[in-house]
Structure formats: C-alpha cells, structure tokens
1. Determine the dipole magnitude for the chain: charges of +1 sit on the beta-carbon of Lys and Arg, -1 on that of Asp and Glu, nothing else is charged, the reference point is the Cα centre, and the result goes in debye to the nearest 20.
2. Counting only heavy atoms of protein chains, what accessible area per residue, in Å², does the range 1-105 have with a probe of 1.4 Å?
3. Of LYS115/LYS178; LYS101/LYS200; LYS43/LYS68; LYS68/LYS118, which sit over 27 Å apart, Cα to Cα?
4. Taking amide hydrogens as modeled 1.01 Å from N in the peptide plane, which residues meet the under 5 Å criterion relative to THR99, leaving out close sequence neighbours?
5. Which percent, nearest 5, of DSSP beta bridges in the range 24-123 are antiparallel?
6. Provide the FRET efficiency to the nearest 0.05 for the SER39-PHE123 pair, computing r from the beta carbons and using R0 = 45 Å.
7. What fraction of the DSSP beta bridges in the chain is antiparallel, stated in percent and rounded to the nearest 5?
8. Over the chain, calculate the relative contact order: mean separation of alpha carbon pairs under 8 Å at least 6 apart, over the residue count, as a percent.
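The values are calculated or read from the model by the stated rules, or taken from the named source; none is laboratory data. All of these numbers come straight from a predicted model, not from anything done at the bench. Here the Cβ positions follow ideal geometry from the backbone for every residue, glycine too, while neighbour counts run over all protein chains shown. Note: accessible area is taken over every heavy atom of the protein model, side chains too, but ligands, DNA and RNA are not part of it. Shrake-Rupley method; radii C 1.70, N 1.55, O 1.52, S 1.80 Å.
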Amino acid sequence: MKYIDMQNNLRELGVFTLNDIRMLDSEFREPTLNDWLNSGWIKRIRRFWYADSSFNPEGYDYFFVANKIYSPSYISLESALSHYGFIPETTIQITSVSTRKTNVFDTQFGLFSYKSIKNNLYFGYTVIENNGRPFSLATPEKALLDHLYLHSEISDIEDFEGLRINREIINSDIDRQKMNTYLNQFDNLELNNRYKLLLKYLNA
C-alpha cells in the first residue's frame, strides 16, 4: 500500500508506530518506512514513533504526544501546575510521570521529560479528549503532590518562592478532602512534612 493510500488514517492517529501501520497493511515492510522518511512524507519524533510531515502540534497536542511516545504516563509536575494556573506558564518542556524509568526526549516538537514513580502511585489523573485524541492529565491535587514527592530538596517554606506559586488560585481550586485522600495513599512521612510546609506557605 502506498503512503497516499493510508495518509488520512495516519494523520488521524497524530503519532504512530510501525505496528499502527501494520494494522492498516499487514504486509507492510519496515524498509518502506525508511523510504517514507527519506522522501519527507513522515518525520521521526523519537525511536519507533513517527508523524505525518504535516503534523505540527499546538496546545493540547503536546500533552497527547507526551502520553503516546512514553507509555504509561500522564501529564503532571510543572506542566500540570502551569495548566491549572498554580504557577506561571512555562513552555520549556512537557513534564510527565511514568511507571517506567526516568527519561528525557529532545524532539523536533520540543523537550519531553518523565519522572519515575512506583506503580501504586500511578493514580489521580483524568482522561481528556482533544480533537478525538485523548490524553491523561493529573488532577490539581495529584499534580501538587507529585511535585512535592519528587522534589526531596524542598525543606523550607522559602523553597516554594522559586515556583512563584499563585496562593489565591490554589487555595480556591484545591479540594482539601481529595488532597488528604491522595496523601494517605502515598503513605510517605517525608511527603507529609513537605505538604505541611506547603500549607504554611499558602496561608502565609
């Protein structure tokens, strides 16, 4: 099957792998993929992941790509905190957490970073549809706790200054009951202590 015959299907996928192509054409051969790359019909995002040459992500597309190219993962940490308005907007990189090892991918679409968490901490996210392409995003409460959990260097209230946290938005948008439920699921004394510091900072 020629590329033009499956181009629309691949465009709908957004990003795809060799296996996705073989779902459309079971006889597809890998050398043809290299021909497509050399012809400029598709572009490589990272190893094993590709996109149609016309695919130029914007907005939530970046969250979708982040989920796809390193799975399982969900958007959290700075990207989620920025999304909720808890910290100033940042476009340096898309940050996620994953049950796989910590990793960073420098792609033509930008920098995608992933912090590793234990399997039992992979919770507290919602699935959002964006133009038919779903992505997983941490809830506001989980994004905060993920950040506190993965930043063990936080030891004093002053350590929150660098984040330029918006106290007003956090205090109005956070569900304290949900936060406490999540906190108990972490069952981590150091996290509990850092959360207490955050509360002091928010109420200062």
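1. 400 debye
2. So the range 1-105 comes to 53 Å² accessible per residue, rounded to a whole number.
3. Over 27 Å Cα-Cα: LYS101/LYS200.
4. For THR99, whose amide H was placed from the backbone, the distant partners under 5 Å are ILE117.
5. Percentage antiparallel, nearest 5: 65.
6. Efficiency for this residue pair is about 0.55.
7. In the chain, DSSP labels about 75 percent of beta bridges as antiparallel.
8. That works out to 16 percent.
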